[in-house]
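Colleague: This structure is in structure tokens; I'll ask about it shortly.
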Amino acid sequence: MPGSIQSIERAAAILRLLAESDDPMGLLQISGALDLAKGTAHGLLSTLTDVGFVEQPHPAGPYRLSDDMAGLGRNRLDANELRSRALNWTDALAARSGEAAKVAVFRDGRAVVAHHVFRVAGEHRSGQRLLTGTEVPLHATALGKVLLAFEPAAARSIVGRELSSLTYRTVTDRVALYRDLAGVRDLGWAAAVDEAGPDVADIAAPVRDRGGYVVAVVGIEGAKDRICDERGRPRPTLVSHVVRAGRDISRELGHGRGL
């Protein structure tokens with residue numbers, strides 16, 4: 001069996017040290033207390049700061065444990081805050097794709113739409129209904145599949161539950177669904193065609209927070225003949241738009257900054 005990983009042990013020691021200290025600690029204090037080389041301690045502190053576990057309020061100043069550590073294990077991103085941070089990017093996604101754009105989150109055992117932007121092009125725009133606050137089928141939509149693939153609580157929520165059939169294309173076999181989810185993790189995006197409704201397709205991509213955790217999902221939904229090509233495959237240009245929106249919102253939340 002592999003042994004312990006030294007860098008993780010050292011990072012954990014830094015977090016414990018800062019948690020036990022009443023005051024912020026300087027680099028030399030930390031390196032001395034833990035018998036670490038100054039460069040090693042600085043590299044670990046930089047990484048812990050990048051992921052939001054440690055704060056350094058002033059350049060070259062002392063370090064302290066961040067407020068994020070108090071909420072570790074809880075998804076603290078408020079839906080209203082997510083909506084405001086994602087607003088510009090979902091508007092841009094709807095404009096680029098010509099389709100309705102949605103942001104969804106997993107809350108209280110359900111996948112729900114946190115933000116919805118109407119489709120702005122085409123002759124059917126007048127019949128649209130605002131879907132903010134409505135539930136998303138986890139196993140039958142691209143939004144839901146991204147959450148199942150990356151959000152442990154969402155994956156646990158379907159264990160032992162029947163997967164209802166919404167159309168003849170809905171994936172109700174658990175083995176087949178898990179195979180789909182493995183593909184979502186490999187590709188970094190999901191698609192569902194004719195699964196939530198006849199002639200309806202959607203594409204979705206994950207939204208990550210500063211530490212890389214998937215806190216939401218963004219996607220587009222529309223008629224199958226607009227979303228997919230003649231073979232029923234998602235159009236690459238639309239996939240690119242959705243993935244780009246996911247990355248843009250993630251950067252808005254701090255993911256990838258400074259890399």
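The values are calculated or read from the model by the stated rules, or taken from the named source; none is laboratory data. Fair warning: this is a prediction, and the values are worked out from it, not measured in the lab. Cβ: placed from backbone, ideal geometry, glycine included. Neighbour counts: every protein chain shown. Side chains are part of the model used for accessible areas, which takes the heavy atoms of the whole protein and leaves out ligands, DNA and RNA. Shrake-Rupley method; radii C 1.70, N 1.55, O 1.52, S 1.80 Å.
Colleague: Could you compute the net charge surrounding Met25? Neighbours are other residues with a C-beta less than 13 Å from the C-beta of Met25; K and R count +1, D and E count -1.
Modeller: It works out to a net charge of -2.
Colleague: Projected onto the charge dipole of the chain (+1 at Lys/Arg Cβ, -1 at Asp/Glu Cβ, origin at the Cα centre), which of Ala19, Thr40, Ile30 gives the Cα projection farthest towards the positive end?
Modeller: Comparing the listed Cα positions along the dipole, Thr40 ranks first.
Colleague: Between segment 1-42 and segment 177-248, what's the alpha-carbon centroid distance in Å?
Modeller: 41 Å
Colleague: So, with a 1.4 angstrom probe, what is the percent of accessible area on the chain that is carbon and sulfur?
Modeller: It is 51 percent, rounded to a whole number.
Colleague: Can you find, among Val217, Leu187, Val105, the residue farthest towards the positive end of the dipole of the chain? Put +1 on the C-beta of Lys and Arg, -1 on that of Asp and Glu.
Modeller: Towards the positive end, the residue furthest out is Leu187.
Colleague: Picking from Ser21, Ser165, Ser46, which is most flexible by a Gaussian network model of the chain using Cα springs under 10 Å?
Modeller: Checking each option, the largest mean-square fluctuation is seen for Ser21.
Colleague: Ok, one more. Per residue, how much accessible area does segment 116-259 show when a 1.4 Å probe rolls over the protein heavy atoms, in square angstrom?
Modeller: 52 Å²
Colleague: Calculate the all-directions average of the projected area of the chain's alpha-carbon convex hull, and give it in nm².
Modeller: Hull-based average projected area comes out at 17.0 nm².
Colleague: To continue, here is another question. Springs between alpha-carbon pairs under 10 angstrom, Gaussian network model over the chain: which of Arg208, Arg64, Arg179 fluctuates most?
Modeller: Result for the chain, Cα springs under 10 Å: Arg179 fluctuates most.
Colleague: Right, here's the next one. Per Stokes-Einstein, at 4 °C and 1.567 mPa s, what whole-number D in µm² s⁻¹ belongs to segment 187-259, with the Kirkwood radius over Cα pairs as the hydrodynamic radius?
Modeller: Translational diffusion coefficient: 102 µm²/s.
Colleague: Give the relative contact order (percent, whole number) for segment 94-195; include only Cα pairs under 8 Å separated by 6+ residues.
Modeller: 22 percent
Colleague: Summing -39500 (n - 2.57) over the DSSP H runs of n ≥ 4 in the chain and dividing by its residue number, what mean residue ellipticity at 222 nm do you reach, to the nearest 500 deg cm²/dmol?
Modeller: -12500 deg cm²/dmol
Colleague: Using a basic spin-label model with each label point 7 Å from the Cα along Cα→Cβ, how many nm lie between Leu87 and Asp173?
Modeller: 4.6 nm
Colleague: Here is a follow-up. Can you tally the net charge around Lys224? Count Lys and Arg as +1, Asp and Glu as -1, for every other residue whose Cβ sits under 9 Å from the Cβ of Lys224.
Modeller: The answer is -2.
Colleague: Additional query: Taking the alpha-carbon distance from Lys102 and a cut-off under 13 Å, which aspartates and glutamates remain once sequence neighbours fewer than 8 residues away in the same chain are dropped?
Modeller: Asp91, Glu135, Asp202, Glu221
Colleague: PRE reach from Arg107 (point 7 Å along Cα→Cβ): which of segment 131-154 fall under 17 Å by backbone N?
Modeller: Answer for segment 131-154: 131-138, 144, 147, 153-154.
Colleague: Please find, in a Gaussian network model of the chain (springs between Cα atoms separated by less than 10 Å), the residue of Arg233, Arg129, Arg107 whose mean-square fluctuation is greatest.
Modeller: Highest fluctuation among the options: Arg129.
Colleague: Ordering Lys38, Lys224 by accessible area with a probe of 1.4 Å, largest first, what comes out?
Modeller: Lys38, Lys224
Colleague: Which of Leu143, Thr49, Ala154 sits closest to the plus end of the dipole of the chain, meaning its Cα is farthest towards the positive end, when Lys and Arg get +1 and Asp and Glu get -1 on the C-beta?
Modeller: Leu143
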